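S.K.: Starting off with a structure, shown below.
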């Protein structure tokens, strides 16, 4: 009996693209399950269960909207943000920022959940004066 092998692939325009070359044995049987993708009111933004925790990302990437928003909030220019994210287009960046302004409370909650005090509490840790993490208690 053959062991079950899961092969990661992307499906684009009717073609399945494996993320790595397949061996002959793997080509005998293919079972496809597609993760449902939730469309948003913004063409470049999507939410998919299992991708970045189901949070809004730039379509076709794993770049969360909150990451682009944080760079914007820190004062980075659009040119600087784009240069740090190969393949990201200006339309995608501006749509992510537009999504933020249309869903500000949701994205701000995502940003807050990543702040150090929240993470320390979530994982039951505390940081000493030297910056070393220890279990709380």
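S.K.: Sort 115, 108 so the one with the fewest other Cβ atoms within 10 Å of its own Cβ comes first.
M.R.: Values: 115 9, 108 13.
The most exposed by this proxy come first: 115, 108.
S.K.: Shifting gears a bit: Just want the ordering: 44, 72, from fewest to most Cβ atoms lying within 10 Å of their own Cβ.
M.R.: Working: 44 21, 72 17.
Sorted ascending by nearby Cβ count, the order is 72, 44.
S.K.: OK, next. Rounded, prolate or oblate: which fits the stretch 97-137 when a ≥ b ≥ c are the square roots of the eigenvalues of the alpha-carbon gyration tensor, with rounded for a/c under 1.5 and prolate only if a/b beats b/c?
M.R.: Since a/c reaches 1.5 and a/b is larger than b/c, the shape of the stretch 97-137 is classed as prolate.
S.K.: Suppose R0 equals 22 Å. What FRET efficiency, 1/(1 + (r/R0)^6) with r the Cβ-Cβ distance, do residue 114 and residue 41 give to the nearest 0.05? Mind showing how you got there, number by number?
M.R.: Details: r = 24 Å, r/R0 = 1.10.
Calculated value: 0.35.
S.K.: Something else: Which of 59, 70 has the fewest other C-beta atoms within 10 Å, and how do the rest follow up to the most? Walk me through the numbers before you get to the answer.
M.R.: Details: 59 19, 70 15.
Placing the least packed residue first, the sequence is 70, 59.
S.K.: For residue 85 and residue 123 in the same chain, what is the full-extension length gain: residue separation times 0.36 nm, less their Cα-Cα distance, in nm? The partial results should precede the final answer.
M.R.: Numbers: separation 38, 0.36 × 38 = 13.68 nm, distance 2.97 nm.
That pair, residue 85 and residue 123, stretches by 10.7 nm at full extension.
S.K.: For the stretch 36-126, rounded, prolate or oblate, judged on the Cα gyration tensor with a ≥ b ≥ c (square roots of eigenvalues), a/c < 1.5 rounded, else prolate if a/b > b/c?
M.R.: Numbers: a/c = 1.88, a/b = 1.33, b/c = 1.41.
Here the stretch 36-126 falls in the oblate category.
Where a number appears in this text, it was derived from the coordinates with a stated rule and is not lab data. Values in this document were obtained by computation on a predicted structure and should not be read as measured data. Note: ideal-geometry Cβ built from the backbone for every residue, glycine included; neighbour counts use all protein chains shown.
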